[in-house]
Amino acid sequence: MRIQLLSIVLCLPFLNCAAFAQPVGTAAAVNQSAHGTAPQQSVRTITIGDNIIHDERIETDAGGLLQVLLADGTTFTVGPGSQLTIDSFVYDPDRGTAKVTASLGKGLFRFIGGKTSKTPDGAVLNTPVGTVGIRGAIADMAFDPGYGIPSHIDLRYGDRITLRLRDGTSTRLYKAGYSIVIEGSKVSVRRTPEQWTGVFQDSISGRNGAGGGAKVKPTGGMVIASGIPKTNSEFPLPLNAMPIPPLPPGNQDPQVVDQGKSDFLSQKVLQSCGSYCGPE
């Protein structure tokens, strides 16, 4: 059994801890500026292909953007003006299980689960509003994002998202297109407004012409020669046709959104009142 353990490293007083810094992932995409500060090391500028170190504090500026790829296929997208630290990552490729714990600060984040979100309690994210657990899902998260928009967690696709508040109460999502919204001490569930999705997409789309700090800037010819178009671009992801996951049988939790018996009506209301309709 091969287990890749990327966790807390215990250093003896006479050893240099920096020599034992463990990589937990790779910078798969970067729009600078994104900076990292690993334990007992100076600040560095992260460029595409760089290793991301365990317990490294990652920060982006107003124009920065970073995607971190873990060995199991899990990805974190860190938007502009955001902070992320990966506290631990454990991956067993033989069993196909993985667990990640990360700390998210203010900012915008997208989490796409690999083996971590398919493992029970495999994806645990400590955030400014509480602890987020993700199971088999794609989640967009915005904490104090500005633009007059409150902090919120969106289920873009998949199984479920659970937010456990500091007082021990939990709120959950089981349906794509809905959000957990945090406004001060008030927590609610509502359909995700189009405005929020638009702001998020604009923020994490990056800028044209950026090279991610690569020594050789990628060109169209290099992309064609790589074979990526043959294996990827010819098979676009049907984002507008994602299936809606069902609720677990017998779940009567009042915090869980229903399965959209009035979806058609809700869509008409959303269209008529604009991009933000307020709480449902």
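Give the residues of the range 134-150 that are small (Gly, Ala, Ser), surrounded by fewer than 20 Cβ atoms within 10 Å (Cβ to Cβ) and at pLDDT 90 or above, sorted by residue number.
GLY136
Only one of (1) farther than 17 Å from LEU108 by Cβ; (2) acidic (Asp, Glu); (3) in contact (Cβ under 8 Å) with a residue 60 or more places away in the chain fails for ASP140. Which number is that?
(1)
Take the residues in the range 1-46 that are at pLDDT below 85 and among the β-branched types (Val, Ile, Thr), then tell me which one is nearest to the chain's Cα centre (by Cα).
Within the range 1-46, the match that is nearest to the chain's Cα centre (by Cα) is ILE8.
Can you confirm whether LYS175 is part of a loop (DSSP other than H, G, I, E, B) and either touching a helix residue (DSSP H, G or I) at 6+ places or on another chain (Cβ under 8 Å) or at pLDDT 90 or above (or both)?
Yes, satisfied.
The values are calculated or read from the model by the stated rules, or taken from the named source; none is laboratory data. This is a predicted model, so every value here is computed, not measured. Positions of Cβ are generated from backbone atoms using ideal geometry, with glycine treated the same way; all protein chains shown enter the neighbour counts.
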